[in-house]
Amino acid sequence: MLNLRFIQDNPELVIEKLKKRNFDASEIVKNILDLYKQKNRLQGQADQAKAEMNKISKEIGILFREGKADEANAAKTRTSEIKESIKQFDIDFAEIEKKVFDLQVQLPNLPHDSVVPGKGEDDNEIVKIVGTIPEMDANALPHWELAQKYNLIDFELGVKLTGAGFPVYRGKGARLQRALISFFLDQAREAGYEEIQPPLMVNEASAYGTGQLPDKEGQMYHDATDNLYMIPTAEVPVTNIYRDVILDAKDLPFKNTAYSSCFRREAGSYGKDVRGLNRLHQFDKVEIVQVAHPDESYKILDKMVAHVAQLVEKLELPYRILRLCGGDIGFTSALTYDFEVFSAAQEKWLEVSSVSNFESFQANRLKLRFREEGVKKPQIAHTLNGSALALPRIVAALLENNQTPEGIKIPKVLVPYTGFDIID
RNA sequence: GGAGAGAUGGCAGAGUGGUCGAAUGCGGCGGUCUUGAAAACCGUUGUACCGCGAGGUACCGGGGGUUCGAAUCCCUCUCUCUCCGCCA
């Protein structure tokens, strides 16, 4: 969420920048400014009343100790009125604070200057396209048919065990999954990321910390008995490592990578692009997360993009990088690059990674700060994350693009991990 | 699942109604001493909000209550630990 002080000091800037998202913030910002003034006035009054009260209480204590009980009791009678007004101030203050907060969380992050305005995905900028799109045989099979033909993934069995969107990987299909996970983790480690194995369920505080709550409540699986949420991405537990902490500036950036299964209810998304591995309730992903100094975060974003690009290249998949437009960028992001690989048999681009700089938007909610040498006041850090990479669509593209009459070829870089170079 | 104990500053740990934002120790930072370091000694060391500032307010797991006054008393919730049971 945006910092209140910042909104207060830069109302026009906030409104102007959010226009790129087709988000009209004028009403909300105006209300926030009004409430903020009220809040401060109220706090002034309340603090004054409390100061008065504290002073009297202290005096009463001294009087009692000196044995002047009469004077002490006389002083007591003066307090009841102040006490009442304090009570009322506190009630009003809490109410206004809640109103401000409710408005504050409605404002999305300010897009970076490089983000172009736009309505939706059609307006995204294609930064670059790498690799050549393979010419496929007319009878090339989509991955769900290949998965069945070579007995790699059993979607039907998943339905039996759990439900749609929970596929069962088996044999070389399962081994391919494991190989990809190891490969991605090793690559991240070599790039200096510390590997984390996080819990797959988180508590409410963590779900709030990264903004899954309150807005996206319906997108997470929730265990009501213990009030825990299945993570939709490793970003949630990993980023929450840094909730409520003050870091040393000289230790920045913090770099973490984590493999996890991800669980998403995907409520309301049935019917389109859900075939095979295209959209699942449970899938695997290796995530990279960085906590950065504000001055460094965009340099770091570029490095993260380069890291992801290099992964896709090593897998020999044709891909393109998009810079998301204002209308398509996520609520919490200031700048996002999406990676899409070309899936040859489906003949379409599939999103396999999303790399974002959240600037201070997420850190502000997390209370993730750092302290600069010699500066007393802690500052809000920047957070970034990206998928590196999400497995299912990578697998879909690998199967489809690498199919040959002899079988499915495994990219060279993966062979040491799979232990086989062809699926036949 | 049963029984018990506990939650205080970066950590450890005192504090059971007022002078407590909080002893003491460790750690951190600065300094003295030293060729340098260690040791010793001295000083310093929480966060947020409001205020131009002086300063004020809040925070001792969360919420509520008693009281002129709560870290301290009461209620409630959450979490952690120990023992027993079960168990990968």
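Over 19 Å apart at the Cα level, from the set A:K30/A:K99; A:K55/A:K76; A:K216/A:K348, are A:K216/A:K348.
Sites listed here are chymotrypsin sites (Phe, Trp or Tyr not before Pro) in segment A:355-424 whose DSSP assignment is loop and whose Cβ has at most 15 other Cβ atoms within 10 Å: A:F420.
Which residue, A:R21, A:R41, A:R275, has the most motion in a Gaussian network model of chain A that connects Cα atoms within less than 10 Å? Of A:R21, A:R41, A:R275, the Gaussian network model singles out A:R41 as fluctuating most. The modelled label-to-label distance between A:D244 and A:T77, using points 7 Å beyond Cα along the C-beta direction, is 4.6 nm. For a straight C-alpha distance cut-off of 28 angstrom, the lysines reachable from A:K250 (same-chain residues fewer than eight places away being disregarded) are A:K299, A:K303, A:K367, A:K376, A:K377. Calculate how steeply helix A:69-104 sits against the longest principal axis of the alpha-carbon atoms of chain A, using the helix alpha-carbon long axis, and give the answer as 0 to 90 degrees to the nearest 10. Between the helix axis and the principal axis of chain A, the angle is about 30 degrees.
Axis angle, to the nearest 10 degrees, between helix A:172-190 and the longest C-alpha principal axis of chain A: 50 degrees.
3J(HN,Hα) along segment A:382-397: 9, 10, 9, 8, x, 7, 8, 9, 7, 6, x, 6, 5, 4, 4, 5 Hz, from the Karplus curve 6.51 cos²θ - 1.76 cosθ + 1.60 with θ = phi - 60°, whole Hz, x for Gly and Pro. Summed over qualifying helices (DSSP H, 4 residues or more, each -39500 (n - 2.57)) and divided by its residue number, chain A shows a 222 nm mean residue ellipticity of -13000 deg cm²/dmol. Here the spin labels are modelled as points 7 Å beyond Cα on the Cα-Cβ line, and at A:K367 and A:V415 they lie 5.4 nm apart.
Helix A:297-314 and the longest principal axis of the Cα set of chain A meet at an angle near 20°.
Bear in mind that the values in this text are calculations on the coordinates, not laboratory data. All values derive from a computational prediction rather than experimental measurement. Because the Cβ atoms are built from the backbone with ideal geometry, glycine has one as well, and the counts that use them run over all protein chains shown.
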